[in-house]
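The values are calculated or read from the model by the stated rules, or taken from the named source; none is laboratory data. Since the model is a prediction, treat every value here as computed from it, not as a measurement. Glycine gets a Cβ as well: all are built from the backbone with ideal geometry, and neighbour counts include every protein chain shown.
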Amino acid sequence: MTTNEGITPPDTSFHRDGDFYLPTARTRGPWDPDSLHGRVIAGLLMYEVERLHLDPAFQVARLTVDMFRVAPMRPVTAVTSVVRDGNRIRVADASLRLEDGMEIARASVVMLRRAAAPEGNVWAPPLWDVPHPDTLPPPPPPPAQFGPAAWETRAITGQMAFANSGPPVQKRMWVRDNMNFVDDERPSPLVRAALVSDFANPFANSGDRGLNYVNADASLYLHRNPAGEWIGMEVAAHLASEGIAIGECVLYDMDGPFGRSTVCAVANQRRQ
């Protein structure tokens, strides 16, 4: 098996090498240049479950990713299993591991069988009435040394930033992933949603002094798959006390809301 040293093409996140996935420079996280971004951890675990265990009759309704260890920029493999295969519910587990078998993250995926909606009316929030992303100005480009950005954003209200988010306001934005995910494969709708789920931490838990919480998990709830490449995010909640925070975002596409993402996070006292 080869390593990822010197592999930095700007158009993909991972290369497949047998059972292992080799990360490229586009998978680096914001806290440590030698660690994987939480977004690609969630994306890769969803990718493997979708590839091996998804039945078209079922909808992925929940993805929960536990990120309990710093994930180094090294080849990783995903070990998956179906722990429940029922008539209306299917549950799969996935574990992300290094070459020596050390587990660095794990996921649980709940899939529910699609069916006709029951009769009756249920309260729903008002429509998300925001400008189309093509009508909004792009943010300043990242520094040249970082190369092409793995994703792009369009701020609707507030800002999306790790360093300084300006005055605390409710934030809304569009985000679109720019990269292939594995080799020349574009991310599927489910992988796109998983990639965005980790953004609930910087988006909901950052304030006027930047992002000072690091999330330990990301939970994605879906009632349908997103359509198109742009995904909208709106902060629904930020709750915090004693260094523990919960952030929640509603997720949209051009047709309206399709799910929510929630994270729990801890104050990052070691951040420089």
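I'd like to check something: does segment 210-217 contain any residue that is in contact (Cβ under 8 Å) with a residue 24 or more places away in the chain, under 25 Å from MET111 (Cβ atoms), crowded, with 20+ Cβ neighbours inside 10 Å and not basic (Lys, Arg)? So that I can check it myself, show each step before the final result.
First, the residues of segment 210-217 that are in contact (Cβ under 8 Å) with a residue 24 or more places away in the chain: 210-217.
Among the residues that remain, those that are also under 25 Å from MET111 (Cβ atoms) are: 215-217.
Then keep just the ones that are crowded, with 20+ Cβ neighbours inside 10 Å; that gives 215, 217.
Applying the additional criterion that residues be not basic (Lys, Arg) yields 215, 217.
For segment 210-217, residues in contact (Cβ under 8 Å) with a residue 24 or more places away in the chain, under 25 Å from MET111 (Cβ atoms), crowded, with 20+ Cβ neighbours inside 10 Å and not basic (Lys, Arg): present.
List, please: which pairs have Cβ atoms under 8 Å, are six or more places apart or on different chains, and start with a residue in segment 45-72 that is more than 13 Å from ALA92 (Cβ to Cβ) and surrounded by 20 or more Cβ atoms within 10 Å (Cβ to Cβ) and end with one that is hydroxyl-bearing (Ser, Thr, Tyr) and at pLDDT below 95?
From segment 45-72, the pairs are ALA71/SER35.
Test LEU220 against the criterion of being closer than 21 Å to PHE58 by Cβ, under 16 Å from the mean Cα position of the chain (by Cα) and surrounded by fewer than 23 Cβ atoms within 10 Å (Cβ to Cβ), and give yes or no. Working first, answer last.
Details: closer than 21 Å to PHE58 by Cβ: yes; under 16 Å from the mean Cα position of the chain (by Cα): yes; surrounded by fewer than 23 Cβ atoms within 10 Å (Cβ to Cβ): no.
Taking the combined requirement at face value, the residue does not satisfy it.
Residue check: is SER261 among the hydroxyl-bearing types (Ser, Thr, Tyr), in contact with a Cys (Cβ under 8 Å, 6 or more places away or on another chain) and at pLDDT 95 or above? Lay out the reasoning, then the answer.
Working: among the hydroxyl-bearing types (Ser, Thr, Tyr): yes; in contact with a Cys (Cβ under 8 Å, 6 or more places away or on another chain): yes; at pLDDT 95 or above: yes.
For SER261, the condition - among the hydroxyl-bearing types (Ser, Thr, Tyr), in contact with a Cys (Cβ under 8 Å, 6 or more places away or on another chain) and at pLDDT 95 or above - is met.
Take the residues in segment 178-206 that are charged (D, E, K, R), out of contact with any helix residue (DSSP H, G or I) (no Cβ under 6 Å at 6 or more places or on another chain) and outside any strand (DSSP E or B), then tell me which one is nearest to ARG106 (Cα to Cα). Break it down into steps so the answer makes sense when it comes.
Here is the first cut: in segment 178-206, the ones charged (D, E, K, R) are 183-186, 192, 198.
Pick out the ones that are also out of contact with any helix residue (DSSP H, G or I) (no Cβ under 6 Å at 6 or more places or on another chain) and you get 183-186, 192.
Still in the list and also outside any strand (DSSP E or B): 183-184, 186, 192.
Details: ASP183: 23, ASP184: 25, ARG186: 23, ARG192: 18 Å.
Filtering segment 178-206 for residues that are charged (D, E, K, R), out of contact with any helix residue (DSSP H, G or I) (no Cβ under 6 Å at 6 or more places or on another chain) and outside any strand (DSSP E or B), the one nearest to ARG106 (Cα to Cα) comes out as ARG192.
I need the full set of residues from segment 193-230 which are farther than 25 Å from ALA115 by Cβ and among the charged types (D, E, K, R), in order please.
ASP198, ASP208, ARG209, ASP217, GLU229
Check PHE203, PHE199, PHE258 and return the single one that is closer than 24 Å to ALA149 by Cα and in contact (Cβ under 8 Å) with a residue 60 or more places away in the chain. Don't jump to the end; show me each part of the working.
Working: PHE203 fails: in contact (Cβ under 8 Å) with a residue 60 or more places away in the chain; PHE258 fails: closer than 24 Å to ALA149 by Cα.
When all the criteria are applied, what remains is PHE199.
Exactly one condition in (1) of a type outside the set (Ser, Thr, Tyr); (2) over 16 Å from ILE231 (Cα atoms); (3) modelled with pLDDT under 90; (4) surrounded by 11 or more Cβ atoms within 10 Å (Cβ to Cβ) is not met by ASN178; state its number.
(2)
What's the number of the condition GLU99 fails, among (1) free of Cβ contacts under 8 Å to residues at least 60 places away in the same chain; (2) surrounded by fewer than 18 Cβ atoms within 10 Å (Cβ to Cβ)?
(1) is the only condition that GLU99 fails.
Does LEU222 count as touching a helix residue (DSSP H, G or I) at 6+ places or on another chain (Cβ under 6 Å) and either of a type in the set (S, T, N, Q) or touching a residue at least 24 places away in the same chain (Cβ under 8 Å) (or both)? Steps first, answer last, please.
Details: touching a helix residue (DSSP H, G or I) at 6+ places or on another chain (Cβ under 6 Å): no; either of a type in the set (S, T, N, Q) or touching a residue at least 24 places away in the same chain (Cβ under 8 Å) (or both): yes.
No.
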